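Worksheet for the structure shown next.
The values are calculated or read from the model by the stated rules, or taken from the named source; none is laboratory data. These figures come from a predicted structure and were not determined experimentally. Note that each Cβ is placed from the backbone with ideal geometry, even for glycine, and that neighbours are counted across all protein chains shown. Calculation scope for accessible area: heavy atoms of the full protein, side chains included, ligands and nucleic acids excluded. Shrake-Rupley method; radii C 1.70, N 1.55, O 1.52, S 1.80 Å.
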Amino acid sequence: SDITERKREGEALHESEEKFKTLVEDIIDIFYEVNVQGKIIYGSPNFFTATGYAPENILGEHYFHLIAPEDRRMVVDHYFTQVASGVQDTRCEFRAMRKDGTRVWSEQNTRIVRDTHGRVLKFRNVVRDITQRKYVEAELQKLSVAVEQSPVSILITDTKGIIEYVNPKFTRVSGYTLEETRGKSVRILKSGETSQEVYNNLWETITSGREWRGEFHNKKKSGEFY
């Protein structure tokens, strides 16, 4: 039998797999593959470094070993829903667990590989450690709550004096809501009772990177001065 075409296809497939492996081994992110039974069938070098597992200890094992117990149900529900909906690409955040029990926040982007009939063959996963990002988000959330609940008026503008944010205390004092002030100049608060020299000194001070302290005689939405 003439098997020339079959040999060519085999060589092309082998070349494609070699290119794929070279690409995967060069990326910074973690890459691994899981079959339809949930067993890990391949991992990039970074995968073993990041998880702490040697290939012989994790290949062939269920991917649950990589997920903190408290997030396993959520991850299963997410992927079950995505598979059922027929999507090809999906994303999920969860607490990953290393071999030593250390937990790290991970962002996992998954390509669901299907055959021509739509049946799932395997899952290709690219994982990124987002622990630092989660920490920053938590700190920003704390700061946001502190600003929202502050007992003093807080006003944030861009470098041209255009209002970007005001907190609830500012609204209670001035009568202006965030929606009414956002995108407007701080000049809406001017009463005409504060000299231009004060404003000039303010802008010269803060644009040079220093802190300014002083007093304004401003005007509320009602027209009352304060």
Over segment 59-216, with the other protein chains present, what is the accessible area per residue in square angstrom, probe 1.4 angstrom? 65
Of all C-alpha pairs within segment 89-139, those more than 17 angstrom apart amount in percent to 49
Gain in span if fully extended, Thr177 to Val198, counting 0.36 nm per residue against the direct Cα distance: 5.0 nm
Measuring from label point to label point, each 7 Å out along Cα→Cβ, what is the Asp100 to Ser144 span in nm? 3.3
Report the accessible area of Asp158, computed with a 1.4 Å probe over the heavy atoms of all protein chains in place, in Å² rounded to the nearest 10. 50
So how do Arg182, Arg73, Arg213, Arg133 rank on accessible area, 1.4 Å probe, biggest first, that is with the largest at the start? Arg213, Arg73, Arg182, Arg133
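How charged is the neighbourhood of Asp158? Take every other residue with its Cβ under 12 Å from the Cβ of Asp158, and add Lys/Arg as +1 and Asp/Glu as -1.
Here the charged neighbours net out to +2.
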On the accessible surface of the chain, probed at 1.4 Å with all protein chains in place, carbon and sulfur together account for a percent value of 53
How large is Rg over Rh for segment 146-198, taking Rg from the Cα atoms and Rh as the Kirkwood inverse mean of 1/r across Cα pairs? 0.98
Debye calc, one equal point scatterer per Cα of segment 55-108, no solvent, log10 I(q)/I(0) at q = 0.14, 0.16, 0.22 1/Å comes to -0.41, -0.53, -0.90
Mind checking the full-extension length gain between Thr159 and Lys134? Use 0.36 nm per residue of separation minus the Cα-Cα distance, one decimal, nm. 6.1 nm
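Does segment 133-226 classify as rounded, prolate or oblate by the C-alpha gyration tensor (a ≥ b ≥ c root eigenvalues; a/c under 1.5 gives rounded; else a/b over b/c gives prolate, otherwise oblate)?
The shape class here is oblate.
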Would any residue of segment 178-208 have its amide N under 20 Å from a label point 7 Å out along Cα→Cβ of His217? List them or say none. 186-203
Can you tell me how much longer the chain between Lys169 and Ile41 gets when fully stretched, taken as 0.36 nm per residue apart minus their C-alpha distance, in nm with one decimal? 40.4 nm
What does the charge count near Glu148 come to, summing +1 for each Lys or Arg and -1 for each Asp or Glu among other residues with Cβ under 14 Å from its Cβ? +3
For all pairs of alpha-carbon atoms in segment 22-88, what percent lies in each bin of width 10 Å, listed from the first bin to the last filled one? 19, 45, 32, 4
Pairs of Cα atoms farther than 29 Å apart, the chain, %: 55
Which lysines, on any chain, are close to Lys142 with Cα under 25 Å apart, when same-chain ones fewer than 8 places away are left out? Lys134, Lys169
For Lys221, what accessible surface area do you get with a 1.4 Å probe? Give it in Å², rounded to 10. 110
